[in-house]
Amino acid sequence: MVQWRAPKDDGGTPITNYVVEKKDVKKPWEPWSVVSSSGTSTKAKVSRLEKGREYIVRVRAENKIGIGAGLESPPTIAKHMFNPPGPPGFPECSDITENAVTIEWALPDYDGGSPISGYVIERREMTGKWIRVNKTPVLDLRYRVSGLFEGNSYEFRVFAENIAGISEPSLTSDPIKATRAITKPGPPGNLKLKDWSKSYADICWTKPTRDGGSPILGYVVEAQKSGTAQWDRINKDLIKICAYRVPGLIEGLEYRIRIRATNKVGDSEPRELPETILAKDILVPPEIVVDVSCRDSVTVRAGQIISLITRVKGRPDPEITWTKDARALSRDKRTEINNNYPLCELIINDVVRSDYGKYAISAKNSSGQAQATILVNVLDTPGACQNLKVAYVTKKSSHPLSRQIPLSVETSKPAPTSCWSKGGKYFKPSDLVQIETTATSSTLSVKYAGRKDSGEYTITASNPFGVKEETVKVKVLDVPSAPGPIECSGVSSEKVTLTWTAPTEDGGDNIKVEIPVMGRPRPTVSWQKDGAPLKLTQRTNVELSPATTIITINECNRTDSGVYSMTAKNIVGSVTDNITVKVHDIPGAPKGPVKIVEISRTYCIFSWETPENDGGVPINNYAVEIRDTTLVWTNVVSGNEYIFRVMAVNKYGLENPEVTAISKDSMVVMWQAPKYDGGTPIINYVIERKDKSALRWIKCNIRKVKDLQFKATGLVPGHEYEFRISAENAAGVSVPSVPTLFYKATDALYKPGAPCNPRVIDTTRSSITVAWNKPVYNGVTNKAVTLTWDPPVNDGGVKVKNYIVEKRESTRKAYATVNANCHSTTFTVDHLLEGCNYYFRVLAENEYGIGLPIETVEAVKVSEKPQPPGKIILKDVTKNSVTLSWEKPEHDGGSRVGCYVVEIQPK
């Protein structure tokens, strides 16, 4: 506020008004700022000043002739007429709880010339930042601070505030810790008498409603005899649970009982039992109630648990005795007897057939006795087959196969049935097969047995509660077939060398080579293999008769290949004959090391040498596999580290299987039959799979597979699998094939939709520039369609905030909204009906509304690729044509098969 006096000279005409102006001293270059220019008052209020700055005020008088000379004030600093108050007194903390505290402080010593309008309180955790506690100034000299965290330590400070501003902070309070105030707990609740006798009383209660801010440590029980005023503590240690048996009562006396709760501060007020207790026995005769699960009878399977549950009442507690078939039972490794009155239980673990019978429980006390019985029946699978015998027979034997194969079966309830099978095919009585079955044995007889009857015979005994099997190998012996063509060489007047091939059928026994040896005196015979003396073992035997020498090698393997020499010698001279033996087998490992010839980011060329052991037959091909350093066989990825291995394959190994028709939970494995069937037809193929993250191979097929393909189901989506195949004939299961590569269980990808909106954006004399939009959909599965699109060229001048995705079936006209708030330019529409045709459209939306839609040009059919056709059959084969027929695929992929493609591959 500024004041001045009117000028002595008004210029001969009255003053019309005064012009008041201000100017910042530190900004002399700025022009004068007009504060007011109307009115004839000699005082004015100068506003819009900046606190702490220095200003000059100028006043000029004005009449109708003009504005006179100015009058300037001395430089003046803009400041309030009052000062902020001094800091409040030292804050003190009281009434501390786990989440609040009360703060008190004194008035400031100086109020700055203006009354205190309120106080501001701040808190901080130790070494933390200061945080204001109250939103509006506090008018009182105390404040309750809430919102604290239990267990944390805090400090507080206070500010005073008046019209001039806020004071400096007070001194910081002493640190406090937010914890509950600890007091004695409240008394226990609901004290009741549960049971009593002449020597004890059972009581129970509930926890106190108030623990005093500290956990209850336990309880104290006190008793008072009738006629006395003294309360005696009964328990030495604190009782942890809300129940207690008061011991040491004297028969005939009356007692009063009370209980206290205890925390770390002390004992609570007592809670007294409403009634007095007279120490005497309650006499109740025993009573046994069998649990509903055990009434009448109990039936269990062998190996399970028998649990006989009863509830026994009686006072005093009766003695419990369990018997079985009138013989007392006691505790042992399998038998448990639990008597937790009123619950009494008999438990027998790992039940066997001998545990069936009549069980009885008896309860006896001074008031009487009671008894209850329970019948127990134990069911079991048939017993193990007994006395299974096999005799070797020959083709010309007059006896049937094994004559008789008796099988003794341990009786069970119900009596089992039995059946015979071979190679998965069950026998039925006929002229050549006889089956005799009694309650305890089963006999199979095969007449005129031949080599084809060799194999594994299985007897299966079953009842409704289980199945038992026993298998025996039967081998029919016969004379071997004729050897191959005999070739003569090295003919002289004294000897001739004969060579021939081994017989195709060995008759089921080991091949024996018999060489006539004659001479006088009788020559001695010695055998050598590859120039070294032949070592006789359990597999290799040499027999010598007066006219022949016989060498026998059982269970031949590749190491038995070589040149065997027989030398006959006497005093007249010696003669040597050689026999070349070849044993065919799978080849050995290729000869290393593997040499890297060329390597790049995506491929590697390497070489190796042929194996030293080719298995006796030419190598057909090599199987090459790789794995990375995580020991998982996989495909090549740039930047990874790999180890390679090479395996040779000949005709005794399976061709590598192939994997087709891959989906997220199944794959179809295809393979070729082995070129060598071991002399007997293939009866089954064993398909195995292994997860990339697993260590064990898992068998895929439960039933026998004779086709050259198999659909492996039950795969985990996203996991990678490899497969291998083994062939099985009557002699057993072959070595597994080379595993396939790893294949990921995922639905097949499909061709994308057609690109949208093709357009020419530029042309020259020699070129045209074409642009287009992404396809509306980029992939279809049997349940979902993935849509993609580009943002609109014209966004309406406002950013597009979301897209609306809609769909309709081709048979309908109305669209249904799938997603009204899509924020990206791609979206997967799922839960579609397989085999249906759909149209889709997308609309852009900004804050002013929804734009025009973009729609798929053609309907999209929800389907997947069909599975391969079934078994192919050749008909009407001529020299230049063949007629084919095949079965429909098991699944057409959700869409009718339109046509088939037939391909031919020349040999």
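The values are calculated or read from the model by the stated rules, or taken from the named source; none is laboratory data. Predicted model only: the values in this text are computed from it and were never measured. Don't worry about glycine lacking a Cβ; one is built from the backbone with ideal geometry, like all the others, and counts go over all protein chains shown. Surface areas here come from the heavy atoms of the whole protein model, side chains and all, with no ligands, DNA or RNA. Shrake-Rupley method; radii C 1.70, N 1.55, O 1.52, S 1.80 Å.
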| Would you pick out the residues in region 310-324 that are exposed (fewer than 15 other Cβ atoms within 10 Å of the Cβ) and either under 16 Å from VAL290 (Cβ atoms) or of a type in the set (Gly, Ala, Ser) (or both)? | ARG311
| task | Report whether or not ARG5 is open to solvent by 50 Å² or more (accessible area, probe 1.4 Å), outside any strand (DSSP E or B) and at pLDDT below 85. | result | no
| query | Is it the case that region 563-572 has a residue that's under 27 Å from GLY679 (Cα atoms) and modelled with pLDDT under 70? | reply | no
| request: May I ask you to list the residues in region 143-195 that are open to solvent by 80 Å² or more (accessible area, probe 1.4 Å) and within 30 Å of LEU249 (Cα to Cα)? | output: ASN190, LYS192, LYS194
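One line per residue, one yes/no per condition, for (1) without any contact (Cβ under 8 Å) to a residue 60 or more places away in the chain; (2) open to solvent by 40 Å² or more (accessible area, probe 1.4 Å):
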{"site": "THR548", "(1), (2)": "yes, no"}
{"site": "ASN557", "(1), (2)": "yes, yes"}
{"site": "VAL575", "(1), (2)": "no, yes"}
{"site": "ILE596", "(1), (2)": "yes, yes"}
| Test: GLY212 is at positive phi and surrounded by 15 or more Cβ atoms within 10 Å (Cβ to Cβ) | yes
| remark: Residues of region 677-693 being within 13 Å of VAL733 (Cα to Cα), assigned to a loop (DSSP other than H, G, I, E, B) and either modelled with pLDDT of 85 or more or open to solvent by 50 Å² or more (accessible area, probe 1.4 Å) (or both), in sequence order, are ASP677, PRO681, ILE682, ILE683
| task | Look through region 694-724, keep the residues that are of a type in the set (S, T, N, Q) and surrounded by 12 or more Cβ atoms within 10 Å (Cβ to Cβ), and return whichever of them is farthest from PRO868 (Cα to Cα). | result | ASN701
| remark: Contact list, first residue from region 798-824 and within 13 Å of GLU855 (Cα to Cα), second anywhere and of a type in the set (Phe, Trp, Tyr) and in a loop (DSSP other than H, G, I, E, B), beta-carbon distance below 7 Å, six or more apart or interchain, is GLU806/TYR815; LYS807/TYR815; ARG808/TYR815
| query | Does ASP111 fit the bill of being modelled with pLDDT under 90, outside any strand (DSSP E or B), open to solvent by 20 Å² or more (accessible area, probe 1.4 Å) and not hydrophobic (A, V, I, L, M, F, W, C)? | reply | yes
| Out of curiosity, is SER430 open to solvent by 50 Å² or more (accessible area, probe 1.4 Å) and either more than 30 Å from THR576 (Cβ to Cβ) or modelled with pLDDT of 65 or more (or both)? | yes
| request: Please tell me if GLU658 is at pLDDT 90 or above and either farther than 25 Å from GLY424 by Cα or open to solvent by less than 50 Å² (accessible area, probe 1.4 Å) (or both). | output: no
| message | Residues to consider are TYR815, TYR777, TYR839; find the one that is modelled with pLDDT of 85 or more and either surrounded by 17 or more Cβ atoms within 10 Å (Cβ to Cβ) or among the acidic types (Asp, Glu) (or both). | response | TYR839
| task | Please give the number of the condition ASP795 fails out of (1) of a type outside the set (A, V, I, L, M, F, W, C); (2) open to solvent by less than 80 Å² (accessible area, probe 1.4 Å); (3) at pLDDT 80 or above. | result | (3)
| said: Tell me whether region 499-508 contains one or more residues that are open to solvent by 80 Å² or more (accessible area, probe 1.4 Å), assigned to a strand (DSSP E or B) and either out of contact with any His (no Cβ under 6 Å at 6 or more places or on another chain) or at pLDDT below 70 (or both). | reply: no
| query | Based on what the data block shows, is THR172 hydroxyl-bearing (Ser, Thr, Tyr), within 21 Å of ASN263 (Cα to Cα) and either at pLDDT 90 or above or assigned to a loop (DSSP other than H, G, I, E, B) (or both)? | reply | no
| said: Of everything in region 616-625, what is in contact with a strand residue (DSSP E or B) (Cβ under 8 Å, 6 or more places away or on another chain) and either part of a loop (DSSP other than H, G, I, E, B) or open to solvent by less than 10 Å² (accessible area, probe 1.4 Å) (or both)? Give them in sequence order. | reply: ILE619, ASN620, ALA623
| request: Being touching a Lys or Arg at 6+ places or on another chain (Cβ under 6 Å) and outside any loop (DSSP other than H, G, I, E, B) is the filter here, so list the residues in region 349-362 that pass it. | output: GLY357, TYR359
| field | Matching residues in region 14-25 - criterion: being open to solvent by less than 80 Å² (accessible area, probe 1.4 Å) and within 18 Å of SER37 (Cβ to Cβ) | value | ILE15, THR16, ASN17, TYR18, VAL19, VAL20, GLU21, LYS22, LYS23
| Can you pull out the residues in region 48-81 that are part of a loop (DSSP other than H, G, I, E, B) and open to solvent by 60 Å² or more (accessible area, probe 1.4 Å)? | ARG48, LEU49, GLU50, LYS51, ARG53, LYS64, ILE65, PRO74, PRO75, LYS79, HIS80, MET81
| remark: Contact list, first residue from region 213-227 and more than 30 Å from GLY252 (Cβ to Cβ), second anywhere and assigned to a strand (DSSP E or B) and of a type in the set (Gly, Ala, Ser), beta-carbon distance below 9 Å, six or more apart or interchain, is ILE216/ALA261; LEU217/ALA261; GLY218/ALA261
| task | Test PRO84 against the stated conditions and say whether it is assigned to a loop (DSSP other than H, G, I, E, B), farther than 30 Å from ASP24 by Cβ, of a type outside the set (A, V, I, L, M) and more than 60 Å from the chain's Cα centre (by Cα). | result | no
| query | Do you know which of the residues in region 242-257 that are under 17 Å from LYS192 (Cβ atoms) and within 55 Å of the chain's Cα centre (by Cα) is surrounded by the most Cβ atoms within 10 Å (Cβ to Cβ)? | reply | VAL246
| task | Filter region 196-209 down to the residues that are open to solvent by 40 Å² or more (accessible area, probe 1.4 Å) and of a type in the set (Val, Ile, Thr), then identify the one that is modelled with the highest pLDDT. | result | THR206
| task | Just give me the residues in region 842-883 being open to solvent by less than 70 Å² (accessible area, probe 1.4 Å) and assigned to a strand (DSSP E or B), in sequence order. | result | VAL842, LEU843, ALA844, GLU845, ASN846, GLY849, GLY851, PRO853, ILE854, VAL860, THR883
| query | Can you find a residue in region 283-295 that is modelled with pLDDT of 90 or more, touching a Cys at 6+ places or on another chain (Cβ under 7 Å) and surrounded by 14 or more Cβ atoms within 10 Å (Cβ to Cβ)? | reply | no
| request: Quick one: which residue in ARG260, ARG271 is in contact with a Pro (Cβ under 9 Å, 6 or more places away or on another chain), over 30 Å from LYS333 (Cα atoms) and open to solvent by 60 Å² or more (accessible area, probe 1.4 Å)? | output: ARG271
